[in-house]
Amino acid sequence: MGNGNQAIEFSAREKIREQKFNHIWEEKLEPAFADIARYYDWANYVASLGLWSWFRSQFMSTVNLKSGYKTLDVCAGTNAIGIAMLKKQPDISVTAIDRSKAMQEAGRKSAEKKGLKIESNIGDVHKLPFPDNSFDVVTLQFASRHLRLLEVFSEINRVLKPGGYFYHCDMLRPANKTVEFLYYT
């Protein structure tokens, strides 16, 4: 009974979140990411007080990769996770999808500088353009606040192969009201 109530509560919170943020998601994200793409990774490093690489490393320590895996990085941005996956297991394929052409262009350049190949897709992650059961591993890091989670998680489930793995990392809602205000502005 508890799980059913939690699912209803989550769904209700998601509807409220979508009502509050849909105009931002639809109208403001693309121009904002186009403006910051070239210095996005540096800005994350500064905003995290120098811990950005550590956060990524901690996340990657949980990601199990095997030779030949087909992987998808959702909301890939500048391909930091795709690059980290290829460094960890060079003989996998990495597909990236992000709605921002500018972010993926920055990610393409970053991967190429390291001699790595990531297949880039520009598109809406709420409607993934891949067949069912396509990927062994799907990752999503630090993008949940920009997404309609029920739609994205459903799509991720659809494109994962049976027995595949989904790795998700994001910050929890801050308990401190001042931090929460800063986080959401």
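Per-structure values
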{"item": "Positions within segment 1-60 being in contact with a Phe, Trp or Tyr (Cβ under 8 Å, 6 or more places away or on another chain), modelled with pLDDT of 75 or more and among the polar types (S, T, N, Q), in sequence order", "result": "53"}
{"item": "Count of residues meeting criterion [modelled with pLDDT under 90 and within 10 Å of the chain's Cα centre (by Cα)] in segment 146-172", "result": "4"}
{"item": "Odd one out for residue 115, checked against (1) modelled with pLDDT of 95 or more; (2) under 21 Å from residue 64 (Cβ atoms); (3) surrounded by fewer than 19 Cβ atoms within 10 Å (Cβ to Cβ)", "result": "(2)"}
{"item": "Given (1) surrounded by 20 or more Cβ atoms within 10 Å (Cβ to Cβ); (2) modelled with pLDDT under 95, number of the condition residue 138 does not satisfy", "result": "(2)"}
{"item": "Some residue of segment 49-68 being hydroxyl-bearing (Ser, Thr, Tyr), touching a Ser or Thr at 6+ places or on another chain (Cβ under 7 Å) and either surrounded by fewer than 17 Cβ atoms within 10 Å (Cβ to Cβ) or under 22 Å from residue 147 (Cβ atoms) (or both)", "result": "no"}
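The values are calculated or read from the model by the stated rules, or taken from the named source; none is laboratory data. Not measured: the values here are computed from a predicted model. So basically every Cβ, Gly included, is an ideal-geometry build from the backbone, and we count neighbours across all protein chains shown.
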